[in-house]
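Engineer: Take this structure, written in structure tokens, and hold onto it; I'll ask about it next.
The values are calculated or read from the model by the stated rules, or taken from the named source; none is laboratory data. Only a predicted model underlies this, so the values are computations on that prediction, with no experimental measurement involved. Cβ sites come from the backbone with ideal geometry, for glycine too, and all protein chains shown count toward neighbours.
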Amino acid sequence: MAKITLNEKKDRYFLNFSGSFSSDEDSNELIEMFNQAKDIEPKQLVLNFKETKYLNSSIIGILIKYYQLMPNTKMYIYCENEFLKDLFKITSLDQFFENLENENEV
């Protein structure tokens with residue numbers, strides 16, 4: 001089961017992803033969470049994929065959409081899963097979002 005939470009820590013907001021994201025319900029939940037983050041207008045938003053196993057193409061599209069809708073927010077990706085790291089490179093998401101390399105940066 002997929003789950004997304006939004007929280008704040010040290011002047012940064014975090015979208016924390018856990019599980020596998022493959023259904024329309026998962027996409028709708030992500031859109032809801034991004035809309036909440038967009039309303040806050042954070043200066044920094046970390047997309048924390050530490051507990052994530054899989055993302056489908058709809059989720060990738062939503063990430064790009066909200067990157068464009070939130071131009072004043074610096075977005076970061078934190079991920080330990082090698083499959084997802086490769087996915088971010090293949091889809092060029094690593095060109096949009098700055099990678100955080102270790103958990104101490106999160």
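Engineer: Does the range 20-29 contain any residue that is among the polar types (S, T, N, Q) and either assigned to a helix (DSSP H, G or I) or crowded, with 19+ Cβ neighbours inside 10 Å (or both)?
Structural biologist: From the range 20-29, those among the polar types (S, T, N, Q) are 20, 22-23, 27-28; that's our starting set.
Then drop every residue that is not either assigned to a helix (DSSP H, G or I) or crowded, with 19+ Cβ neighbours inside 10 Å (or both), which leaves 27-28.
Yes, there is a match, as at least one residue in the range 20-29 is among the polar types (S, T, N, Q) and either assigned to a helix (DSSP H, G or I) or crowded, with 19+ Cβ neighbours inside 10 Å (or both).
Engineer: Scan the range 9-55 residue by residue and report those that are polar (S, T, N, Q) and under 23 Å from residue 101 (Cα atoms).
Structural biologist: Correct list: 16, 18, 20, 44, 48, 52.
Engineer: Here's another thing I want to ask about it. Select from the range 59-106 the residues that are surrounded by 15 or more Cβ atoms within 10 Å (Cβ to Cβ), among the polar types (S, T, N, Q) and modelled with pLDDT under 95 and write down the one among them that is farthest from residue 2 (Cα to Cα).
Structural biologist: Among those residues, the one meeting the criterion is 91.
Engineer: Additional query: For the range 47-106, what are the residues that are closer than 25 Å to residue 25 by Cα, out of contact with any Cys (no Cβ under 7 Å at 6 or more places or on another chain), hydrophobic (A, V, I, L, M, F, W, C) and not in a helix (DSSP H, G or I)?
Structural biologist: If the condition is that a residue be closer than 25 Å to residue 25 by Cα, out of contact with any Cys (no Cβ under 7 Å at 6 or more places or on another chain), hydrophobic (A, V, I, L, M, F, W, C) and not in a helix (DSSP H, G or I), then 47, 55, 70, 75, 77, 79, 97 are the ones that fit.
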